[in-house]
Every structure is written in structure tokens, then in C-alpha cells.
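Beneath this line is the structure, given in C-alpha cells, with notes to follow.
The values are calculated or read from the model by the stated rules, or taken from the named source; none is laboratory data. Nothing here was measured: the structure is a model prediction, and the numbers come from that model. Here the Cβ positions follow ideal geometry from the backbone for every residue, glycine too, while neighbour counts run over all protein chains shown. Side chains included, ligands, DNA and RNA excluded: accessible areas come from the protein's heavy atoms. Shrake-Rupley method; radii C 1.70, N 1.55, O 1.52, S 1.80 Å.
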Amino acid sequence: ATVASPGGDCNARLHHMQQPSSSPLLNRTQRSSRMLSLAILTSHGFATLAPPRPTVAEATRMRDGGIARSGATMSAPDEYDLAAPKFDLLEMRSFRRDATLQYAVSQRSQQLRILFFASSAVVAAAAPWAAGALLPDVSILDARGLAGCAAASLLFGSLAARERGLRGKVLLRMERELAVGDLQISQTGSALGGGRPRALSALRGERRVVAISGSPGWLLAELRSAEVYRRRLEQSGVALVCVAFGEEAAWADASRAAEAAGWLWRPADASGWRGYFSDILTAKDGSAKAAAEEGAFFALSLRGRSCASGVGRVPWDELLGTKLPPIEPLSPSDPPAPASEEEAAV
């Protein structure tokens, strides 16, 4: 009879412990760990597509109105210039940095919707493969299961694409509103301002803005229409600006008279204003011809947000009645506005 040594028994037990276990509980634990790792990797990958959250300093500048002026830079222009272009991965184009920061602060829910729909589309598309690799006991690889996963992936993908399109429109609107804030106007008939140019961003909270573009003949007709509402424009705190594509003696005389009266503001940089109107009209219909032939206009609220725009005649009754309400009501004892210069002189 042979006697087994204690060392041999220990080696046998150690060899038995090193053998892989085929316990169902261990297999289920390993599969759960794999699914959790896949879910973490998927969510991390789509989280990189969301716009970065602004830093505390950037959010403070945005809250205090620091994004209003794009020309002001700090010690490192390439790093802190809020008007510098920044490439956007989802839209595959560049936007102003202040526009992306404003979007990141004000449109958090839309970003979450894009992330949710896009990740759901990927999970639905990868569900058959994931189920076959991680859960062999659960089979969804039949025709109905594959069709359901494909339909869910297409549905969530279309919703993500729709939200992405809306995101691009919101970013473009914010960029245009910030760009128009850099344009400057002056009130030559004001004794306080002295004709000093002021950026539209500096007028936020003080003045609404209505800007009209067109040929000199077109603007002359619009100016005569607006002259009837000049008291109402003053009541609503509206700064009226006319941008002429061309020169005519009649328009020059009429615009100088309106500027001297104080109810028409002069564009400080006429070429910049023409370029802005040309850009927005080209983006709308592919041609800037309407700016010089048919005329165009836009209106900004007290916050500097676009509240109305269009091509053609300005609907003054609708615009003043719905979009530009009075800031302070007129007193019944106020004298009526003179209909002409002769009446004003009398």
C-alpha cells in the first residue's frame, strides 16, 4: 500500500482550484459585466459628441453680457476671443465661439435629446449581435426580432437627425444675432449722443432696432411710410436704420432730413451693413438680389433677439402692434406729431 504524501494532496487541490469553473452563476456574472462595459463605452462615445460645457469664467462673461462684443479680446486672443470661429463636429462647419457657448448654456435639453436618440439607435442596431454574444440563451435573431431592431434603430435615428437639424438652425440664428450686435449706428440728430457710433449690442435693454435695406427709391417710399409712425416709433423705443444699395439725390436729401429730426439712425459702417443683409439673404434663397431690388427688413427686441424679418414692404401696423409694443404710454395731453416741416415750424 502506498501512502499519499501531504504535499501531493495540496498540489492536487491547487490544480483543481485553478481549473475554470463552469458554474452558471459565474457565467451569468461575466455576461453582466460585459454588458455593463458595452453600455459604458457606448454612452462615453456619444457623450463626446455633445458640446463642451462652458467654464465658470466663460459662463460668468455670458451672464454679464460679455459675449455681446466680439471685438474685445483678452491677453490671449486665440484662446479668449469669443468671436473666433470654432469647428462643430455635428454640423461639420465653424460657428462663432460665443454662439456655441450660448447654445451650450441655453439648449441643454436639446443636447440630451440628441444624445438619447442617437445612443438608442446604436443600441437597437447592435442588440442582435450583443444578445447573441452575451446572452446565448435569449434568442432574438429570428426574422421578427431583426425587423423590430431595425425599425427601432431607424426610428431613433430619424429622431436624432431631426433634432440635429433643429440644432443647426438654432446655432445659425444665435450666430446671426451675435454678428448683428457688432454693427454700429449713430444718431446724428441727438444732442446727447453727438453722432457717436454705438454698437447694437450696447443698445440692448435701451432700444429696439428695425433695419431696412433696398435701393434708394425703395427706401424713399419706406421712409415716407415710416414717417407716419415716427411718434409711435419713439414710444416703442425703436431705432430705425435704412441701408441703401446705391446713391440717389432724392434719397440722400430725405434721409438727412429724417436724421436731423432724430427719428432715423445712420449706419456707421454702410459696407458692413450691406454685407450682413447680403449674407442672410443669400443663405435664405441663394441670391442677394432681393436686398437691392425688392427690399428686406428685420427687427430686434430689447434683448437683441430677432422678433421679425421678411422681404418686401414693412408691415408697420402688424409689427408695431404685436412685436414692438409701447414701452411707456403717451399722455393724452401730448401734442400731436407735426405732419410736415412747415407745420412743425408754425
*Consider only pairs whose beta carbons are under 7 Å apart and that are at least six residues apart or on different chains; among these, list those whose first residue lies in segment 112-140 and is within 30 Å of R167 (Cα to Cα) and open to solvent by 60 Å² or more (accessible area, probe 1.4 Å) and whose second residue is of a type in the set (G, A, S) and at pLDDT 85 or above.*
A125/S153
*Hey, G205 outside any helix (DSSP H, G or I) and closer than 23 Å to L319 by Cα or not*: yes
*What number of residues within segment 156-181 are without any contact (Cβ under 8 Å) to a residue 24 or more places away in the chain and more than 25 Å from P85 (Cβ to Cβ)?*
2
_As an exercise: evaluate T282 against (1) in a helix (DSSP H, G or I); (2) modelled with pLDDT of 90 or more and give the number of the one condition it does not meet._
(2)
*Just a yes or no: is a residue in segment 270-277 open to solvent by 60 Å² or more (accessible area, probe 1.4 Å) and either at pLDDT 65 or above or in contact with a strand residue (DSSP E or B) (Cβ under 7 Å, 6 or more places away or on another chain) (or both)?*
yes
*From (1) over 32 Å from the mean Cα position of the chain (by Cα); (2) free of Cβ contacts under 8 Å to residues at least 40 places away in the same chain, pick out the condition that doesn't hold for R196.*
(1)
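Yes or no, residue by residue, for (1) open to solvent by less than 30 Å² (accessible area, probe 1.4 Å); (2) part of a loop (DSSP other than H, G, I, E, B); (3) out of contact with any Lys or Arg (no Cβ under 6 Å at 6 or more places or on another chain):
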| position | (1), (2), (3) |
| --- | --- |
| R196 | no, yes, yes |
| A221 | no, no, yes |
| R231 | no, no, yes |
| D253 | no, no, yes |
| E259 | yes, no, no |
| W265 | yes, no, yes |
